[in-house]
Amino acid sequence: MKYTIGNVNRRSFLKTGAVVSGGIVAGGMPLSQVIWAAEGKVLSSRAGAEPNTLDPAYYTSQVEVDVMNCIYSKLTQYKTGSEWGWDLDSAENIEQVDPTHIRFRLRKGIKFTGGHGELTAKDVKFSFERIVKNNTPVKVEWGPLDRVEIEDDYTGVMIFKTPYVPVWSCSFPHGVGQIVSEDAVMKAAKGGGNFGTIPPACSGPYVLTEWKKNQYLLLSRNPDWAGAKPGFDEIRILTVTDDKAAERAYQASDIDYTAISLDSLATLKAAPPVDTKIEKFPSLNYVWIGMNIDHPKLKDINVRKAIQWAINVPQILDAAYSGQAQVATGTIATGMIGHREKALIPPEGDLAKAKEFLEKAGVTELALTLNCLNDSTDSTIAQVVQAQLSQIGVTVAVNAQDPGSFWSTGMVSEGDRWKDLQLNLMHFSSAPDPHLSTTYFVREQVGVWNWERFSSERFDELSAKAVTISDPTERAKLYYEMQDLMEESGAYRFLTNEARPLIYRTTKVKPGTRPDGLPLYVHFEPVSA
């Protein structure tokens, strides 16, 4: 769930920020006028989402992972640079003993804040098993994990019911791999449940020192941290949900690092602000139009296929991304195992074929609602889809919502709104393995993140089998079929995997990012004066 999204990203419970007079409002004044607590080397960055939780067992968005990477330890962490890989983090060593057993040994001396003691194998066992036993929304990211057996204070063995290939690229270095203190969590949350936005203990290079909801959060150096010293004394992460607003904030010098819109990329590159570098990274995000199969108006597959064929993807990308984003062939991005060369339905669609499907369904008048986020990119996409469907006689009402409302719409746990879902413009983020680009569409996820309520026994079988296969060619074949099944259901019209353009001030910061451009803040370095 991975928007990441920011990509999302999927799964970000956001609140809209405000921009006035070129500066972001914080506590009633532009941030350029705020007196910050810390002095020294300070990084001013921007998040496109308001975190909903800092509990790794319940994380919902990429921005939450970005923060958690600073305040917790993991067994391994992603490398910075242009190639995907990982380095040891809290693990002194880690090895695949056999297809279902992974042994790790922790570094000594990693302390939790608040007097909660040293990080031990007991905390690793608690952190990972808690996600599985509590059946949290991100349980699928641990796949067939059965248990963690403790050998001594620093050594443990992870035991899987069946082989699980994505553990190295998705689980250990990403969201579910964060290690929390058993002692602190059990005291902070009943039964070890969701502790929400206040970390009961930290063990990373930074600690959370201040959080103004819908405005900013501050991270400061962890005085108990015994590892390599991070580059900045403080990280200020400002919540600005709209890319255009973030661009104005950068121009106003309120932030020194941010993602920008693809729509603005060419313009900013042609005339960049002074002392500025702009880079464009490939993205693992996936964006699509989803249809609720269980809604009475969309139960007939012919209606869903009519919508699929009526949507012209290149037109959407030209309007919303100024042609800077590529057409998606499925949920799996270019360069990943399982990326399809082409979708079953051509990107341009076919209006005549769409009308034939509507006639086959016996539908002459159809009015639908399309839910989307209320940012500028999503609003543009929704308006183009609205115009395209009108060409086959389908009337679309666009329901643009703030993120806090949108990202709870399809969750059964959040009430009955899921029953009224029809069309949704969706964004998910991912990690460098096809499992995270497909696992949220299994039947177990219906009413959680599977808002199309797509249900396929074959898809679930393939999903379970694919994570056991190490041969990339054989594994890819299963993911090809899985995306075919999604498309054949009529519930999905794949749009784009986007891209991630970044802008930063070369006099202030040397970013350290994943190959897809997402920030790894502990690897950011200040520029010497």
### Portion, in percent, of the accessible area of the chain that falls on carbon or sulfur, probe 1.4 Å
49
### Query
Which value in nm describes the separation of the simple spin-label points at GLU210 and LYS342, placed 7 Å from the Cα toward the beta carbon?
5.7
#### Entry: Extent along principal axes [Cα atoms of segment 484-529; Å; largest to smallest]
57, 18, 12
### Accessible solvent surface per residue of segment 481-529, calculated while the other protein chains remain in place, 1.4 angstrom probe, Å²
29
### Summary
When every protein chain stays in place and a 1.4 Å probe is rolled, TRP451, TRP309, TRP86 sorted by accessible area with the largest first are TRP86, TRP309, TRP451
### Task
Given the peptides 287-300, 88-101, arrange them by the average over their residues of other C-beta atoms within 10 Å, most packed first.
287-300, 88-101
### Task
Take the alpha-carbon centre of segment 296-368, take the same for segment 192-258, and report the distance between them in whole Å.
39
### Task
Would you work out the relative contact order for segment 418-519, in percent, from Cα pairs under 8 angstrom that are 6 or more residues apart?
16
### Task
Take every Cα pair under 8 Å in segment 308-395 that's 6+ residues apart, average their separations, divide by the length, and report that relative contact order as a whole percent.
39
### Summary
Expressed in µm² per second, the diffusion coefficient of segment 79-151 from the Stokes-Einstein equation, with Rh the Kirkwood radius over alpha carbon pairs, at 20 °C and 1.002 mPa s, is 150
### Query
Given a 1.4 Å probe and the protein chains all in place, what does the accessible area of GLU356 round to, in Å² to the nearest 10?
110
### Query
How many percent of the alpha carbon pairs in the chain exceed a separation of 34 Å?
36
### Message
Keeping every protein chain present and rolling a 1.4 Å probe, give me the accessible area per residue for segment 320-478 in Å².
### Response
41
### Message
Take HIS101 and ASP318, extend 7 Å from each Cα along the Cα→Cβ direction, and tell me the distance between the two endpoints in nm.
### Response
6.0
#### Entry: Value of [θ]222 nm, deg cm²/dmol, for the chain, DSSP H segments ≥ 4, -39500 (n - 2.57) each, nearest 500
-7000 deg cm²/dmol
#### Entry: Members of LYS342/LYS510; LYS108/LYS277; LYS280/LYS419; LYS79/LYS277; LYS187/LYS213 lying beyond 30 Å, as alpha-carbon distances in this model show
LYS342/LYS510; LYS108/LYS277; LYS280/LYS419
### Query
Taking 0.36 nm per residue of separation and subtracting the Cα-Cα distance, what length does fully extending ALA464 through ASP350 add?
37.6 nm
### Summary
Per the rule of 0.36 nm per residue minus the C-alpha distance, extending SER82 to GLU481 adds in nm 140.7 nm
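The values are calculated or read from the model by the stated rules, or taken from the named source; none is laboratory data. Remember, it's a predicted structure, so these values are computed and weren't measured experimentally. Don't worry about glycine lacking a Cβ; one is built from the backbone with ideal geometry, like all the others, and counts go over all protein chains shown. The accessibility values were calculated without ligands, DNA or RNA, using every heavy atom of the protein model including side chains. Shrake-Rupley method; radii C 1.70, N 1.55, O 1.52, S 1.80 Å.
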